[in-house]
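Just below is one structure, and these are the notes that go with it.
The values are calculated or read from the model by the stated rules, or taken from the named source; none is laboratory data. What you are looking at is a predicted structure, and each value in this text was computed from that prediction instead of being measured. Quick reminder, even Gly has a Cβ in these numbers, built from the backbone with ideal geometry, and neighbours come from all protein chains shown.
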């Protein structure tokens with residue numbers, strides 16, 4: 001019978017899984033430069049970091065702070081992979097701290113599926129920043145709800161400490177990736193009830209914020225950015241060519257926004273590209289989906305839907321879409337699971 005990992009073993013087992021995964025990837029010929037963004041970080045980090053530091057304008061670090069981190073790690077692929085592997089393992093520790101107080105049916109299988117999701121494990125072996133973004137999102141959620149995770153942390157002082165810590169990690173995440181702003185809408189719980197007045201205001205504010213961001217960075221409104229995505233080729237791998245409806249213009253953007261989230265959350269995308277790479281990603285998603293179905297819970301969370309629809313709109317490549325929504329999928333799956341716990345309503 002499979003047993004839960006002791007809390008002190010989660011970190012070390014996670015690191016061991018990363019070491020084994022790195023060894024396997026090297027054996028089959030996949031090296032650190034497999035992803036084009038990894039090469040970009042190594043080649044450009046010194047120049048971009050120097051520009052930011054010499055300008056003495058910290059706002060230039062917005063969305064560019066990962067270059068500073070890569071430069072701090074001497075643009076050495078091995079150092080960055082070690083860093084990401086450790087961050088992956090620390091993330092697992094925080095995930096356990098979040099969900100174990102609310103464990104109920106199918107808990108052991110659910111925990112392992114989230115902790116060792118194949119795509120998460122893979123990203124932890126790369127130079128990409130997604131592992132760090134997931135860590136910052138998970139820790140932001142943990143600190144935001146600090147008093148809900150332990151009976152000994154119930155005081156107002158701990159609540160205040162948690163909110164400040166969450167603000168700190170949330171701010172850092174935005175500096176590493178501007179898209180983290182969307183992930184952070186998963187933290188407050190008013191989106192649990194989308195018809196709630198606070199939820200409606202939150203959604204309207206998010207739409208206004210997103211529109212402001214797209215206007216600032218690419219000089220077009222949110223709807224124009226969706227249309228622009230259809231004309232941009234983001235299919236960098238043959239196995240990632242899921243139908244993106246780009247030839248249909250505005251209608252194609254609407255179809256992508258409606259269909260891609262369903263493809264992703266159900267794992268149905270594997271039908272259109274039955275490759276080994278996508279199979280591993282799909283299996284991780286489908287097994288979580290089935291676990292949540294068995295506890296009579298539809299794995300849909302309003303805050304995550306906002307992320308899914310936006311990223312489906314601004315990307316034309318399904319692999320890029322899958323990377324962008326992964327943090328939201330991980331945290332929303334956890335939230336959906338703990339919502340079914342008898343302890344949830346009592347604590348929240």
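The rows are residues; the columns are (1) modelled with pLDDT of 90 or more; (2) farther than 22 Å from residue 14 by Cβ; (3) in the same structural domain as residue 342 (by TED's automatic domain parsing).
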residue: 64; (1), (2), (3): yes, yes, no
residue: 80; (1), (2), (3): yes, no, no
residue: 84; (1), (2), (3): yes, no, no
residue: 98; (1), (2), (3): yes, no, no
residue: 115; (1), (2), (3): yes, no, no
residue: 120; (1), (2), (3): yes, no, no
residue: 130; (1), (2), (3): yes, no, no
residue: 148; (1), (2), (3): no, yes, no
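Of all residues in the stretch 232-256, those that are at pLDDT below 80 and not in a helix (DSSP H, G or I) total 8.
Does residue 59 satisfy being in a helix (DSSP H, G or I) and either touching a helix residue (DSSP H, G or I) at 6+ places or on another chain (Cβ under 7 Å) or modelled with pLDDT of 95 or more (or both)? Judged against the criteria, residue 59 is not a match. Of all residues assigned to the stretch 100-109, none qualifies as being crowded, with 22+ Cβ neighbours inside 10 Å and more than 25 Å from residue 45 (Cα to Cα). If you filter the stretch 257-274 down to residues that are surrounded by 15 or more Cβ atoms within 10 Å (Cβ to Cβ) and not in a helix (DSSP H, G or I), you find that the one that is nearest to the chain's Cα centre (by Cα) is 267.
Here residue 39 passes the criteria (1) in contact with a helix residue (DSSP H, G or I) (Cβ under 7 Å, 6 or more places away or on another chain); (2) buried (at least 18 other Cβ atoms within 10 Å of the Cβ); (3) closer than 15 Å to residue 127 by Cα except the one numbered (2). For the stretch 26-42, the tally of residues that are without any contact (Cβ under 8 Å) to a residue 24 or more places away in the chain and not in a helix (DSSP H, G or I) stands at 4.
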